[in-house]
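Colleague: Just passing along the structure, written as structure tokens.
The values are calculated or read from the model by the stated rules, or taken from the named source; none is laboratory data. What you see is a predicted model, and the numbers here were worked out from it, not measured in a lab. Cβ placement follows ideal geometry from the backbone for every residue including glycine, while neighbour counts extend to all protein chains displayed.
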Amino acid sequence: MKLSVEFPSVAYREGPVGITKLARAIEDIGYDQLDMFDHVLMGYPTENRSAPMYPPQMPIMEALMMLSYAAAVTDRIGLGTEVLVLPQRQPTLVAKQISTLDTLSGGRVRLGVGVGWQESEYEALGEVFGNRGQRMDEAIAILRAYWQDERVDFDGDHYQIEAMAMEPKSPQGGHLPIWIGGNVPRALQRVGELGDGWLATAIEDVDIAKKCMQKIHGYAEAAGRDPSAIGLQMMLDVPPRDEAGKQFYTNPDNVLRRAALVKEAGFQWGALNATAMFQAGYRSVDALIDQLGILHSKLRSELA
């Protein structure tokens, strides 16, 4: 099983030196992937909307800028988003940003995308929330066209492009993987029809996870695609909501048991949430590095 670490924005508290130290340590420990979650901002509750699932004051570093910084201080580890809220961003600009990141990192990028859930964030960015799924599908097609085609023409319901070129092509070019997040039915269909992989949130019942995988494979076959070519990654635990939830990452055996179940279900990747480790009490970069090392050693020795 390959292992990804969702990088904690909260590491910014120790400045550039701390972020550099943590990114390099994740690579040196032996993890396969460094992922960044994406939110630009969080909304306060108002008369017209309820409180978001995360506190408005939660520190969030911009995902692509953080990955660019991580690319500059690492050499081998994969770099990705888990997940970039694609429809709230302009797809031509995203295509250029990701292509540039792939070029400067030597072809290490995996783009994870999702439709998001926070309507107020869309509004603050001047984008429409209600048609985000339709725009997501068009945006994925636009990204791939820019990465592989010499000339790009696109006539969609929401985006139009006429006779444009995007150069240089990055090392991965049109093969740069796009993995899709989400567990709802339309997200599973989108993975099967358009995605190179599925980024699943933690599904506690592995039988449900298997059914989701079967649906993805069915959509892939219906679209004339090879289901076995679609990668599978799952978060090993949900974000902690209470004190009991914060204990997951304090006991390596908890993580091992969960990773073993995820692997047995057919997932090739497991993702560890370093922000949840911070919430569990590992409040410094050094403490996070130590626990990530312990967990990696346990997982590699038992799941090899």
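Colleague: Which pairs have Cβ atoms under 8 Å, sit 6 or more apart or on different chains, and link a residue in region 196-217 that is farther than 29 Å from G174 by Cα and free of Cβ contacts under 8 Å to residues at least 60 places away in the same chain to one that is buried (at least 21 other Cβ atoms within 10 Å of the Cβ) and among the aromatic types (F, W, Y)?
Modeller: Final answer for the pair search is A209/F267.
Colleague: Suppose we keep only residues that are without any contact (Cβ under 8 Å) to a residue 12 or more places away in the chain and under 23 Å from T103 (Cα atoms) within region 28-68. Which one would you say is surrounded by the most Cβ atoms within 10 Å (Cβ to Cβ)?
Modeller: D28
Colleague: Could you check region 193-207 and list, in sequence order, the residues that are out of contact with any Asp or Glu (no Cβ under 8 Å at 6 or more places or on another chain) and among the small types (G, A, S)?
Modeller: Passing the criteria: G195, G197, A200.
Colleague: Something else now. Kindly state which helices (runs of 4 or more DSSP H) lie completely within region 194-301 and contain at least 2 residues that are modelled with pLDDT of 95 or more and either of a type in the set (F, W, Y) or more than 29 Å from M61 (Cβ to Cβ) (or both). It would help to see each step written out before you state the result.
Modeller: On the way: elements: 206-222, 252-265, 274-279.
Here the list reads 206-222, 252-265.
Colleague: Every residue in region 66-87 that is in contact with a strand residue (DSSP E or B) (Cβ under 9 Å, 6 or more places away or on another chain) and hydrophobic (A, V, I, L, M, F, W, C), please.
Modeller: Within region 66-87, M66, L67, A70, A71, I77, L79, V83, L84, V85, L86 meet the criteria.
Colleague: Go through (1) of a type outside the set (F, W, Y); (2) at positive phi; (3) surrounded by fewer than 18 Cβ atoms within 10 Å (Cβ to Cβ); (4) assigned to a loop (DSSP other than H, G, I, E, B) one by one and return the number of the condition A163 breaks.
Modeller: (4)
Colleague: If you take the residues in region 217-242 that are farther than 27 Å from A274 by Cβ and among the hydrophobic types (A, V, I, L, M, F, W, C), which one is nearest to the chain's Cα centre (by Cα)?
Modeller: Residues of region 217-242 farther than 27 Å from A274 by Cβ: 217-229.
Then drop every residue that is not among the hydrophobic types (A, V, I, L, M, F, W, C), which leaves 220, 222-223, 229.
Numbers: A220: 21, A222: 26, A223: 24, A229: 19 Å.
Per the stated criteria, the residue is A229.
Colleague: Okay, moving on. Which residue is surrounded by the fewest Cβ atoms within 10 Å (Cβ to Cβ), if the candidates are limited to region 76-99 and must be touching a Ser or Thr at 6+ places or on another chain (Cβ under 9 Å) and outside any helix (DSSP H, G or I)?
Modeller: If we filter region 76-99 for residues that are touching a Ser or Thr at 6+ places or on another chain (Cβ under 9 Å), which is where we start, we get 78-80, 82, 97-99.
Still in the running and outside any helix (DSSP H, G or I): 78-80, 82.
On the way: G78: 19, L79: 24, G80: 27, E82: 28.
Applying the filter and picking the extreme gives G78.
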